[in-house]
């Protein structure tokens with residue numbers, strides 16, 4: 001489990017990309033301070049398991065499902081990646097709960113500056129946008145961001161100057177592809193309601209009656 005608060009930006013040191021899987025070696029410093037083989041490191045929003053450690057880098061396998069659902073297979077040597085170590089029980093939850101399991105890939109349509117904020121307009125899979133609400137949270141390449149607005153197949157997210165400065169998101173341009181993870185709680189609620197039979201269990205109507213929606 002992660003928070004979406006990036007600890008550092010690493011770089012791809014080696015990328016062995018096959019037809020359905022990949023082996024990535026990432027150069028880093030902070031996230032390796034107490035790393036061990038088998039640890040989880042969020043890499044551009046994807047939870048990767050450390051398979052090997054050496055000096056200033058770690059190596060991880062990108063399995064077929066991850067290869068298919070994320071942008072990691074597109075990473076070239078020298079590409080920057082947002083990195084975060086897994087939560088500990090005494091960590092501060094500065095962002096929101098992030099699992100590192102990507103729900104879809106979004107495409108940047110445009111980026112605009114609004115006062116001190118950077119607003120990113122995205123097209124996104126409907127499977128993601130249906131789980132999003134205005135002023136809610138979403139992880140974009142592993143970065144916890146606030147949703148400005150959510151529509152059918154489109155999102156607007158806001159970056160404060162600090163986030164733009166210390167992550168890879170400062171380089172977003174129209175056409176950039178980004179890994180998206182919807183809010184964990186929203187996914188569980190949607191799954192629960194989707195499985196409920198009419199008149200049974202929790203429903204949107206019952207939530208409304210209780211004042212939650």
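The values are calculated or read from the model by the stated rules, or taken from the named source; none is laboratory data. All values reported here derive from a predicted model rather than from experimental measurement. Reconstructed Cβ throughout: ideal geometry from the backbone, glycine too, with neighbour counts over all protein chains shown.
The residue that is surrounded by the most Cβ atoms within 10 Å (Cβ to Cβ), counting only those in segment 151-173 that are in a strand (DSSP E or B) and either in contact with a strand residue (DSSP E or B) (Cβ under 8 Å, 6 or more places away or on another chain) or assigned by TED's automatic domain parsing to the domain that holds residue 80 (or both), is 157. Scan segment 1-27 for residues that are within 23 Å of residue 162 (Cα to Cα) and over 19 Å from the mean Cα position of the chain (by Cα) and report the count. Selection size over segment 1-27: 1. Just checking, does segment 64-80 include any residue being over 18 Å from residue 179 (Cα atoms) and in the same structural domain as residue 13 (by TED's automatic domain parsing)? Within segment 64-80, one or more residues are over 18 Å from residue 179 (Cα atoms) and in the same structural domain as residue 13 (by TED's automatic domain parsing). Within segment 174-204, track down each residue that is loosely packed, with under 12 Cβ neighbours inside 10 Å and modelled with pLDDT of 95 or more. Within segment 174-204, 174, 175 qualify. If the condition is being part of a strand (DSSP E or B) and either touching a strand residue (DSSP E or B) at 6+ places or on another chain (Cβ under 6 Å) or farther than 17 Å from residue 27 by Cβ (or both), then segment 48-66 contributes 48, 49, 50, 51, 52, 57, 58, 59, 60, 61, 62.
Given the structure, is residue 145 surrounded by 20 or more Cβ atoms within 10 Å (Cβ to Cβ), in contact (Cβ under 8 Å) with a residue 40 or more places away in the chain and assigned to a loop (DSSP other than H, G, I, E, B)? For residue 145, the condition - surrounded by 20 or more Cβ atoms within 10 Å (Cβ to Cβ), in contact (Cβ under 8 Å) with a residue 40 or more places away in the chain and assigned to a loop (DSSP other than H, G, I, E, B) - is not met. When we screen 127, 139 for residues that are assigned to a helix (DSSP H, G or I), at negative phi and in contact (Cβ under 8 Å) with a residue 24 or more places away in the chain, the only hit is 127.
Tally up the residues in segment 38-65 that are closer than 24 Å to residue 103 by Cα and either buried (at least 18 other Cβ atoms within 10 Å of the Cβ) or in contact (Cβ under 8 Å) with a residue 60 or more places away in the chain (or both), please. The number of residues fulfilling the criteria is 13.
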